[in-house]
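Student: Please read through the structure below; I'll follow up with questions.
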Amino acid sequence: AQSVSQHNHHVILSEAASLELGCNYSYGGTVNLFWYVQYPGQHLQLLLKYFSGDPLVKGIKGFEAEFIKSKFSFNLRKPSVQWSDTAEYFCAVNGNNRLAFGKGNQVVVIP
Amino acid sequence: NAGVMQNPRHLVRRRGQEARLRCSPMKGHSHVYWYRQLPEEGLKFMVYLQKENIIDESGMPKERFSAEFPKEGPSILRIQQVVRGDSAAYFCASSLNPAITGELFFGEGSRLTVL
């Protein structure tokens, strides 16, 4: 079965700082990888996804993620965060026709 | 195009009562998933259904929990004889074809509180 690890559950940073959230997965087959975001009081929304091709994936709102197969990683990055990026971020891997999620990163951006 | 609709958004039950959570997938989606979210534990997969079929229920507790997705109407997650530990947010997601897109579209969740 697939599993996902996310570290540093709570992240606090100031506006304009750079953000990087780590994601490591384990799964024996071909993986599809996702980052979802959950803004306060809202449902999960897709930020970006990787299926194949260029391992550097660009998503919405200036986010990007890099798939490194040798490290089983799919880290999320944003060069300069805004207050509106305060949210919880979940990494997920698709295997066996369902998504397995990490525990999430609670990110708070201070104005 | 309406997204995934869940109701009720908030549900309060006393121990021993039953909870029924409903989910209407996005139009055209026939694949439905239920996840449970506890604070700082992420989303835990519970069950995957297609119309009239349970495909994977490996994440469902063996007792008191059941799910269905009838030919007509919403998917329902049913929890019998609720206990305090059942208090959580339950999210439903739907997909057009998970084998191809993999992407799930989520509802806003149903928050169950057991007193």
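Student: Are any residues in the stretch A:5-19 surrounded by 13 or more Cβ atoms within 10 Å (Cβ to Cβ) and out of contact with any Cys (no Cβ under 6 Å at 6 or more places or on another chain), and if so, which ones?
Tutor: To start, the set of residues in the stretch A:5-19 that are surrounded by 13 or more Cβ atoms within 10 Å (Cβ to Cβ) comprises A:5-6, A:9, A:11, A:13, A:15, A:17, A:19.
Residues satisfying the conditions are A:Ser5, A:His9, A:Val11, A:Leu13, A:Glu15, A:Ala17, A:Leu19.
Student: Just one of A:Gly29, A:Gly53, A:Gly22 is out of contact with any strand residue (DSSP E or B) (no Cβ under 8 Å at 6 or more places or on another chain) and farther than 23 Å from B:Gly107 by Cα; which is it? Before the answer, list the steps.
Tutor: On the way: A:Gly29 fails: out of contact with any strand residue (DSSP E or B) (no Cβ under 8 Å at 6 or more places or on another chain); A:Gly22 fails: out of contact with any strand residue (DSSP E or B) (no Cβ under 8 Å at 6 or more places or on another chain).
A:Gly53 is the lone residue from the list that is out of contact with any strand residue (DSSP E or B) (no Cβ under 8 Å at 6 or more places or on another chain) and farther than 23 Å from B:Gly107 by Cα.
Student: Another one. For the stretch A:22-44, check the following and say yes or no: at least one residue is without any contact (Cβ under 8 Å) to a residue 24 or more places away in the chain, at positive phi, within 11 Å of chain B (Cβ to nearest Cβ) and surrounded by fewer than 19 Cβ atoms within 10 Å (Cβ to Cβ).
Tutor: Yes, the conditions are met somewhere in the stretch A:22-44.
Student: Taking the stretch B:52-99, which residues are under 23 Å from B:Glu41 (Cα atoms) and of a type in the set (D, E, K, R)?
Tutor: Selection gives B:Asp56, B:Glu57, B:Lys62, B:Glu63, B:Arg64, B:Arg78, B:Arg84, B:Asp86.
Student: While we're here: When the stretch B:46-66 is examined, which residues are found to be touching an Asp or Glu at 6+ places or on another chain (Cβ under 8 Å) and facing chain A (nearest Cβ under 9 Å)?
Tutor: B:Tyr48
Student: If you don't mind, another one. Just to verify a result, which residue in the stretch A:97-106, among those that are in a strand (DSSP E or B) and of a type in the set (S, T, N, Q), is surrounded by the fewest Cβ atoms within 10 Å (Cβ to Cβ)? Before the answer, list the steps.
Tutor: Residues of the stretch A:97-106 in a strand (DSSP E or B): A:98-101, A:105-106.
Subset that is of a type in the set (S, T, N, Q): A:105-106.
Numbers: A:Asn105: 22, A:Gln106: 17.
Per the stated criteria, the residue is A:Gln106.
Student: Pull up the stretch A:45-68, narrow it to residues that are assigned to a strand (DSSP E or B) and basic (Lys, Arg), then point me to the one that is surrounded by the fewest Cβ atoms within 10 Å (Cβ to Cβ). Break it down stepwise before answering.
Tutor: As a first pass, look at the stretch A:45-68 and keep what is assigned to a strand (DSSP E or B): A:45-50, A:56-58, A:64-68.
Within this subset, residues satisfying the condition of being basic (Lys, Arg) are A:49, A:58.
On the way: A:Lys49: 19, A:Lys58: 10.
Here the answer is A:Lys58.
Student: What are the residues in the stretch B:65-115 that are closer than 21 Å to B:Val12 by Cβ and out of contact with any strand residue (DSSP E or B) (no Cβ under 9 Å at 6 or more places or on another chain), if any?
Tutor: Within the stretch B:65-115, just B:Gln81 meets the criteria.
Student: Given the criteria touching a Ser or Thr at 6+ places or on another chain (Cβ under 6 Å) and either under 18 Å from A:Val93 (Cα atoms) or within 14 Å of chain A (Cβ to nearest Cβ) (or both), does B:Phe105 qualify? Can you show your working first?
Tutor: On the way: touching a Ser or Thr at 6+ places or on another chain (Cβ under 6 Å): yes; either under 18 Å from A:Val93 (Cα atoms) or within 14 Å of chain A (Cβ to nearest Cβ) (or both): yes.
It is true that B:Phe105 is touching a Ser or Thr at 6+ places or on another chain (Cβ under 6 Å) and either under 18 Å from A:Val93 (Cα atoms) or within 14 Å of chain A (Cβ to nearest Cβ) (or both).
Student: Let me ask another. Does B:Gln80 satisfy the condition of being more than 14 Å from chain A (Cβ to nearest Cβ) and either polar (S, T, N, Q) or surrounded by fewer than 21 Cβ atoms within 10 Å (Cβ to Cβ) (or both)?
Tutor: On the way: more than 14 Å from chain A (Cβ to nearest Cβ): yes; either polar (S, T, N, Q) or surrounded by fewer than 21 Cβ atoms within 10 Å (Cβ to Cβ) (or both): yes.
Spelling it out, B:Gln80 is indeed more than 14 Å from chain A (Cβ to nearest Cβ) and either polar (S, T, N, Q) or surrounded by fewer than 21 Cβ atoms within 10 Å (Cβ to Cβ) (or both).
Student: So, one more: Which residues, taken from the stretch A:73-96, are surrounded by fewer than 16 Cβ atoms within 10 Å (Cβ to Cβ) and free of Cβ contacts under 8 Å to residues at least 60 places away in the same chain? Walk me through how you get there before you give the answer.
Tutor: Start the filter on the stretch A:73-96 by keeping residues that are surrounded by fewer than 16 Cβ atoms within 10 Å (Cβ to Cβ), which leaves A:77, A:79-80, A:82-84.
If the condition is that a residue be surrounded by fewer than 16 Cβ atoms within 10 Å (Cβ to Cβ) and free of Cβ contacts under 8 Å to residues at least 60 places away in the same chain, then A:Arg77, A:Ser84 are the ones that fit.
Readers should treat all values here as calculations from the given coordinates under stated rules, not as data from a laboratory. Bear in mind the structure is a predicted one, so any value in this text is a computation, not a measurement. Every residue, glycine among them, receives a Cβ derived from its backbone with ideal geometry; neighbour counts consider all protein chains shown.
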